[in-house]
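The values are calculated or read from the model by the stated rules, or taken from the named source; none is laboratory data. Please read these numbers as outputs of a predicted model, since none were measured by experiment. Virtual Cβ from ideal backbone geometry, glycine too; neighbours counted across all protein chains shown. Keep in mind that these areas ignore ligands, DNA and RNA; they rest on the heavy atoms of the full protein, side chains included. Shrake-Rupley method; radii C 1.70, N 1.55, O 1.52, S 1.80 Å.
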Amino acid sequence: MRSDPQHPNHHIRENFLLSLLNKCIKEYKALLEFTRKSHPFKIIEIVSLSKIPGETVFLIQLTNKDCTLKISAADLINKNYDINQFSDYHAEMIRKAAQGKLIEFLKLLDKNTSNYKISSKKYDRDNQQYIFTIETDGHTQLTYTAEELSKNKHLLAHMDFDDIYDIGHTQGTESILKEKAALLLAKHR
C-alpha cells in the first residue's frame, strides 16, 4: 500500500506529526530557558576537608541530573573549570578551599565553643520540608527550616560541624526536590 499525498489521512498524519514536533520544540525551549536561569553545577558534598591548599575534595552534581563528579579544589581551579557556573556561595567555597581556608570560611568550630545546637528535626508534611528546633545556651528554643538556617550566618558560625552538615545536607536534598518539581512544571507549560 503506497502513501498517496492526495489521500485525506495523509494530511491528518502530517498535521499530527507537525503538532508533535512543535510540542517537542516548545518543551525543549522551556528546558533551555530554565537551565539558563539556574547555575548548572552545585556542590552536594564535601568528601574530604583539608587545610592544605587545594586538597579539599567536593562531590559536584550537574543540576537536575544524576551525574556527579568527585574533584579537588585544585583541579577545579587548575583545569580551568568555570566556577561561575556554580552559585556565588559554592564558587566562594571552591576559592577558599583552593587557598586552604575553607574551614575558616565555613567557620567550623569545636563542639565546645558552639552556642547553638539542633535539639530536634521533624518533617512538616504540609510544607514538605524539615523543621529544626535550635537550642541556645539559655535553653531558648527557636524553629527554622533548613533553608532559613542555611542563610543565617550568625547561627551557623556558632554551631558544631555535625549540625552544620545536617542542615546543609537537608537543605541540599530539599533544593534538589524543588528543582525537579520546577523542571516538571517547566516541561508541562
Report task. For GLY100, list long-range residues whose amide hydrogen, built 1.01 Å from N in the peptide plane, is under 5 Å from its own amide hydrogen. Result -> GLY54
Report task. May I ask for the distance between the Cα centers of segment 49-102 and segment 127-189, given as a whole number of Å? Result -> 21 Å
Requested in this report: Just read off the accessible area of TYR165 with the full protein assembly in place, 1.4 Å probe, to the nearest 10 Å².
Outcome: 100 Å²
Query raised in the report: Over the heavy atoms of HIS188, what accessible area does a 1.4 Å probe trace out, to the nearest 10 Å²?
Result: 150 Å²
Requested in this report: Provide the gained length on full extension for the span GLN141 to TYR165, in nm with one decimal, where the gain is 0.36 nm per separating residue minus the Cα-Cα distance.
Outcome: 6.7 nm
Query - Length gained when the stretch ASP66-ASN115 is fully extended (0.36 nm per residue, less Cα-Cα span) - result: 14.0 nm
Query raised in the report: Does anyone have the angle between helix 161-187 and the longest principal axis of the chain? Alpha-carbon axes, 0 to 90°, nearest 10?
Result: 10 degrees
Report summary line: Under the 7 Å Cα-to-Cβ spin-label approximation, LEU18 and ASP75 lie apart by a distance in nanometres of 5.1 nm
Report task. Could you calculate the contour length gain from LEU49 to PHE105, that is, 0.36 nm times the residue separation minus the distance between their Cα atoms, to one decimal place in nm? Result -> 18.9 nm
Query raised in the report: Can you list the residues, at least 5 places off or on another chain, whose amide H is less than 5 Å from the amide H of GLU45, using H built in the peptide plane?
Result: LEU59
Report summary line: Expected field for CYS24, accessible surface area in Å² at 1.4 Å probe radius, rounded to 10, holds 80 Å²
Query raised in the report: With the calculation restricted to Cα positions, what are the radius of gyration and Dmax of the chain in angstrom?
Result: 23.4, 86
Report summary line: Accessible-area order for HIS139, HIS158, HIS169, largest to smallest, probe 1.4 angstrom, reads HIS139, HIS169, HIS158
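So, R0 is 35 Å and r is the distance between the beta-carbons of ASN84 and HIS11; what FRET efficiency does that work out to, to 0.05?
Result of the calculation: an efficiency of 0.10.
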Requested in this report: Determine the alpha carbon to alpha carbon distance for each of LYS70/LYS153; LYS29/LYS121; LYS29/LYS96; LYS70/LYS107; LYS23/LYS151 and list only those over 30 Å.
Outcome: LYS29/LYS121; LYS29/LYS96; LYS23/LYS151
